[in-house]
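Below you'll find the structure, written out as structure tokens, and then a few comments.
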Amino acid sequence: MALYAGFNTTAVHAGQEPDPLTGAVIPPIYQTSTFVQDGINVLRAGHEYSRGSNPTRNGFETQLAALEHGTAAFAFASGLAAEDALLRAVLRPGDHIVLGGDGYGGTNRLINGLLGPWGVANTAVDITDLAAVAAAVQPGNTAVLWVETPSNPLLGIADLAGWAKLAHAAGALLVVDNTFASPYLQRPLDLGADVVVHSTTKYIGGHSDVLGGAVVVADRSFRGRELAEAVGYQQFAGGAVAGPQDCYLAARGLKTLGLRMERHNSNAQALAEWLRDKPGVAEVLYPGLPEHPGHALAARQMSGFGGIVSLRFAGGAAAARAFAESTRLFALSVSLGGVESLICYCSEMTHASVRGTGLAVPVDLVRLSVGVEDLVDLQADLAHALERTRGFSSNGVMLHA
Ligand SMILES: Cc1ncc(COP(=O)(O)O)c(C=O)c1O
């Protein structure tokens, strides 16, 4: 019988066994590029060179694969490096991707800007509309369906079991970016997805002190090859691996993911409820609110609603910009998922690359990454910033100073 089954126990122990040599409770950081051989190609513990394998990276990969219920995980230098490696492992020129239209702008830039010139086409779809997803599939060409849920920054909720059915009917893979939910709140592989990707920079690292990404695969084959083998080869041959220090930080963050997510959830829920009737706030986007169109679905496929809240302002872009520039605790920055609260004006920051396209983010929208600080302080900070937006009319004109 397995020694443990719970999420938090797995997070603390999977792949994180004490060092057998010294008994150190925390496995050491193997800061080495190469490993001594006892004879030509006689490897002491299977390690030859850290691009191929490194014990610190492997420990983190084991920990994450266990939490996502995957067969194997692969750690990369950033979320986009992970996405790039995955796509180049499974796609061929001439392939087509059905791409969730509401998602991280950098993913869109990767797929259009880097893969486009290599002959990979894509169609963007509304992630909440399964009929639109079905209509976008090109039989024989579509190799990947890619979706992010909750989405960034509109907090749309996609029906993962429905997306998986459509992907498999077309002989395609379903890839889910699980960065916003984290494995603590959502396990896409259990819902039928084939691959999960993460920016481990966000909730997994959890402290805004490391960049990283990961691919986690289910036990599936595609085009006659095991997914784990295809992605593992890409990681080794492409070489965009995460270094040992970064893997150590990500593994340490992952141990407290469950504790942090509980606090992110409760702070975000309380702030979303508090914000929705504030003057000047036109709409609060948060799947934990009963009026959110994806609320019932999120309640079914997630075990909490997460730490990201987006707001739209009646006073338009001017009010949203003034709000984003007026908080003092919420730091004006890109990124999310750390213990500290952040605020972002997405249309000109994280999503500037899709400005002017059909995927542009509304200019009256501000995204909050709600941290783990005390609710009373976060509320006071937002109340102060709301005061600064009071004078804007619906067309963004300042009515009085
Ligand atoms: C949902 C999501 N996926 C992927 C990425 C890309 O990750 P990274 O910045 O680590 O390359 C981000 C970054 O913001 C993100 O928010």
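Treating the angle as unsigned and between 0 and 90°, give the value, to the nearest 10°, between the Cα long axis of helix 257-275 and the longest Cα principal axis of the chain. Approximately 10 degrees, to the nearest 10.
At an R0 of 35 angstrom, the distance between the Cβ atoms of D374 and L130 translates into a FRET efficiency of 0.30. Restricting attention to the range 1-156, close to 25% of DSSP beta bridges with both partner residues there are antiparallel. Converting phi to 3J(HN,Hα) with the Karplus coefficients 6.51, -1.76 and 1.60 and the offset θ = phi - 60°, the range 222-236 yields 9, 6, x, 10, 4, 4, 4, 5, 5, 6, x, 5, 4, 4, 6 Hz in sequence order, with x at every glycine or proline. L99 exposes around 10 Å² of accessible area when a 1.4 Å probe is run over every protein chain in place.
Seen from D277, the other residues with C-beta closer than 13 Å to its C-beta sum to a net charge of -1, counting Lys and Arg as +1 and Asp and Glu as -1. Between 0 and 90 degrees, the angle of helix 79-90 with respect to the longest Cα principal axis of the chain falls at about 60 degrees.
Bridging of K255 to aspartates and glutamates at a Cα separation below 18 Å is possible for E17, D19, E61, E68, D209, D246, E340, once same-chain residues fewer than 8 apart are set aside. Database remark: amide H of A282 closer than 5 angstrom to the amide H of R312, F313, A314 (H placed geometrically; neighbours at sequence offset of 5 or more, or on other chains; Pro and chain starts carry no H). DSSP assigns beta bridges within the chain; of those with both partners inside it, close to 60 percent run antiparallel. Aspartates and glutamates within cross-link reach of K278: Cα-Cα under 15 Å, excluding same-chain residues under 8 positions apart? List returned: D381, E387.
Under a 5 Å amide H cut-off, with hydrogens placed 1.01 Å from N, V144 pairs with H96, V98, L173 among residues at least 5 apart or on other chains. Note that the range 264-311 presents 38 Å² accessible area per residue, ligands and nucleic acids not counted, probe 1.4 Å.
The angle between the Cα long axis of helix 375-387 and the longest principal axis of the Cα atoms of the chain comes to about 50 degrees, rounded to the nearest 10. In order along the range 119-125, the phi-based Karplus estimate (6.51 cos²θ - 1.76 cosθ + 1.60, θ = phi - 60°) of 3J(HN,Hα) comes to x, 9, 9, 8, 10, 8, 9 Hz; Gly and Pro are listed as x. Note that the range 67-75 has calculated 3J(HN,Hα) couplings of 6, 8, 6, x, 6, 7, 10, 9, 9 Hz, one per residue in order, obtained from phi through the Karplus relation 6.51 cos²θ - 1.76 cosθ + 1.60 (θ = phi - 60°); glycine and proline are x. Sorted from longest to shortest, the spans of the Cα atoms of the range 7-255 along the three principal axes equal 58, 38, 28 Å.
Put the Cα centre of the range 297-311 next to the Cα centre of the range 13-78 and the gap is 33 Å.
In the chain, the portion of solvent-accessible area held by carbon and sulfur atoms comes to 56 percent [1.4 Å probe, whole percent, DNA, RNA and ligands not counted]. Within the shell defined by Cβ-Cβ distances under 11 Å, the residues around G304 carry a net charge of 0, with Lys and Arg each +1 and Asp and Glu each -1. Summary of packing: across the peptides 101-112, 380-391, 150-161, the per-residue average of other C-beta atoms within 10 Å ranks them, highest first, as 150-161, 101-112, 380-391.
The values are calculated or read from the model by the stated rules, or taken from the named source; none is laboratory data. Bear in mind that the values here come from a model prediction, so they are computed numbers and not experimental data. Counting neighbours? That spans all protein chains shown, and the Cβs are built from the backbone with ideal geometry, glycine included. Keep in mind that these areas ignore ligands, DNA and RNA; they rest on the heavy atoms of the full protein, side chains included. Shrake-Rupley method; radii C 1.70, N 1.55, O 1.52, S 1.80 Å.
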